[in-house]
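Engineer: Got a structure here, written out as structure tokens. Questions coming.
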Amino acid sequence: MTISKSEQAIFTNMCMVFDDTGRILVQDRISKNWPGVTFPGGHVDQGESFTKSVIREVWEETGLLIKSPVLCGIKQFQTKRDERYVVLLYKTDQFEGELKSSDEGEVFWIEREQLLNYQLAPDFEQMLQVFESDELSEFYYYREGNHWNLKLL
């Protein structure tokens, strides 16, 4: 019996945009599935490069054109349909444009130290560790029996 090395996957992205004064760009997401304050991002379109997808998603959700996004980590978990859901985590301090919100949610700048004063999207506080750490690169959910566990690697 041959075990397949392929599986269904969904690719998405998220980007931490920051400036040289210590501010970060956040989005207060309007979503049933994952509401709260987080970073902008979205789905990778079929055939689209990962980097171009995060540039496009940030543009669509914030009005800012980012440059040179750096891949800084990955979040992954299995969906109810047993698809691997992958979120590519990027960060950049290079951007231009005028900030504007979208139907995804309001976007605004805050001081990094103020982030925990907001209602964050579920598990976003743990994701932030991957964005900001030089030692961590993966945020991984795995199942043990009927329970989901989170591991930062």
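The values are calculated or read from the model by the stated rules, or taken from the named source; none is laboratory data. Predicted model only: the values in this text are computed from it and were never measured. Here Cβ is always computed from backbone atoms with ideal geometry, including for glycine, and neighbour counts include all displayed protein chains. SASA here: full protein model, heavy atoms, side chains in, ligands and nucleic acids out. Shrake-Rupley method; radii C 1.70, N 1.55, O 1.52, S 1.80 Å.
Engineer: In the set Val17, Val37, Val54, Val86, which member is touching an Asp or Glu at 6+ places or on another chain (Cβ under 7 Å), in contact (Cβ under 8 Å) with a residue 40 or more places away in the chain and of a type in the set (A, V, I, L, M, F, W, C)?
Structural biologist: Answer to the selection: Val37.
Engineer: Would a scan of region 123-130 turn up a residue that is in contact with a helix residue (DSSP H, G or I) (Cβ under 6 Å, 6 or more places away or on another chain), under 27 Å from Trp59 (Cβ atoms), open to solvent by 60 Å² or more (accessible area, probe 1.4 Å) and outside any strand (DSSP E or B)?
Structural biologist: Step one: list which residues in region 123-130 are in contact with a helix residue (DSSP H, G or I) (Cβ under 6 Å, 6 or more places away or on another chain), which gives none.
No, that holds for no residue.
Engineer: Moving to a separate point now. Looking at this structure, is Cys72 under 16 Å from Asp123 (Cα atoms), touching an Asp or Glu at 6+ places or on another chain (Cβ under 9 Å) and among the hydrophobic types (A, V, I, L, M, F, W, C)?
Structural biologist: Numbers: under 16 Å from Asp123 (Cα atoms): no; touching an Asp or Glu at 6+ places or on another chain (Cβ under 9 Å): yes; among the hydrophobic types (A, V, I, L, M, F, W, C): yes.
It is false that Cys72 is under 16 Å from Asp123 (Cα atoms), touching an Asp or Glu at 6+ places or on another chain (Cβ under 9 Å) and among the hydrophobic types (A, V, I, L, M, F, W, C).
Engineer: Does any residue of region 136-151 turn out to be exposed (fewer than 14 other Cβ atoms within 10 Å of the Cβ), among the aliphatic types (A, V, I, L, M), part of a strand (DSSP E or B) and touching a residue at least 12 places away in the same chain (Cβ under 8 Å)?
Structural biologist: yes
Engineer: Next up: Kindly indicate which of Gly63, Gly97, Gly105 is within 15 Å of the chain's Cα centre (by Cα) and either hydroxyl-bearing (Ser, Thr, Tyr) or at positive phi (or both). I'd like the intermediate steps shown before the answer.
Structural biologist: Numbers: Gly63 fails: within 15 Å of the chain's Cα centre (by Cα); Gly97 fails: within 15 Å of the chain's Cα centre (by Cα).
Unique residue meeting the criteria: Gly105.
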